[in-house]
Amino acid sequence: MKVNGKVSVENSQGIWPIPVHVAIIMDGNGRWAEQRKLPRLAGHKAGTENIRRIIEEFVSFGVKYLTLYAFSTENWKRPDEEVSGIMNILEDVIPKESQELHEQGVKLLHLGTLDRLSPKLQEAVCQAVELTKDNQRITLNVAFNYGGRDEILGAVRRIIEEGIRIQDIDEATFSGYLNTAGMPDPDLIIRTAGEMRLSNFLLWQSAYSEYYCTPAYWPDFSHEELRTALIAYSQRHRRFGKVTG
């Protein structure tokens, strides 16, 4: 339903607003595996499997944009074995999952750059984006090989290359050169595994986002965890710098 023009959910606790755009820093896959005496890659596989379930949950709540921080520009510093394992998982998962997501009406977009990815993985990403480009049920942004500072520098470079006049550059113009051009900024950013930092994620777009941190590792982020995060968001008073009564 909508209350005062905003998407809301009615439950036993009453009516509470739902964010239009949620972003998640999916953290703790490796620690989840180590806790179970499993290889770290087992955690990354479990984390990947959880994505599908969480997408369905967000759709059921009426969220229109979901951005997942999957692999940062800094993650290349991890051990070669772990990085190559993650890439192999994605090469296997993307073609399979993209078809199912397409059938569910999910629009897939890639945030970040494709450089350093294998030709096979680049092709899989491009095909998934092309396949789902007309879907409208929910937009899923996958931030892979993504860094907030890198995104901002890229926007600056493109503005200079196009010869945009200084007096014509405002916040709206600059936002149009970011990977998220045309999308609303995230209302809520969730981080799992108990960490409380942005880690170079959506630095420009998160200026007025609400934050929610949970100790749960990403593979354990469940329906109840999501619901708790959304309830916490509904209790925040978003003033955007204004004074309200």
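The values are calculated or read from the model by the stated rules, or taken from the named source; none is laboratory data. Just so it is clear, the structure is predicted and the values come from calculations on it, not from any experiment. Don't worry about glycine lacking a Cβ; one is built from the backbone with ideal geometry, like all the others, and counts go over all protein chains shown.
Remarks
- Condition met for residue 98 (farther than 23 Å from residue 230 by Cβ and surrounded by 15 or more Cβ atoms within 10 Å (Cβ to Cβ)): yes
- Hey, residue 205 surrounded by 19 or more Cβ atoms within 10 Å (Cβ to Cβ) and either touching a residue at least 12 places away in the same chain (Cβ under 8 Å) or outside any loop (DSSP other than H, G, I, E, B) (or both) or not: yes
- Residue, nearest to residue 49 (Cα to Cα), within the stretch 98-116, restricted to residues that are within 18 Å of the chain's Cα centre (by Cα) and polar (S, T, N, Q): 98
- Matching entry among 176, 194 (being surrounded by fewer than 20 Cβ atoms within 10 Å (Cβ to Cβ), in contact with a Pro (Cβ under 7 Å, 6 or more places away or on another chain) and either under 21 Å from residue 106 (Cα atoms) or not aromatic (Phe, Trp, Tyr) (or both)): 194
- Where a residue in the stretch 102-129 is at positive phi and its partner, wherever it lies, is in a helix (DSSP H, G or I), with Cβ under 9 Å and at least six apart: 105/59; 105/132; 112/150; 112/151; 116/76
- Of all the residues in the stretch 44-69, those that are in contact with a Gly (Cβ under 9 Å, 6 or more places away or on another chain) and assigned to a strand (DSSP E or B) number 0.
- Selection within the stretch 208-245: residues that are among the polar types (S, T, N, Q), over 24 Å from residue 151 (Cβ atoms) and in a loop (DSSP other than H, G, I, E, B). The member of this set that is modelled with the lowest pLDDT is 244.
- Tally of residues being of a type outside the set (A, V, I, L, M, F, W, C) and under 13 Å from the mean Cα position of the chain (by Cα) across the stretch 185-198: 5
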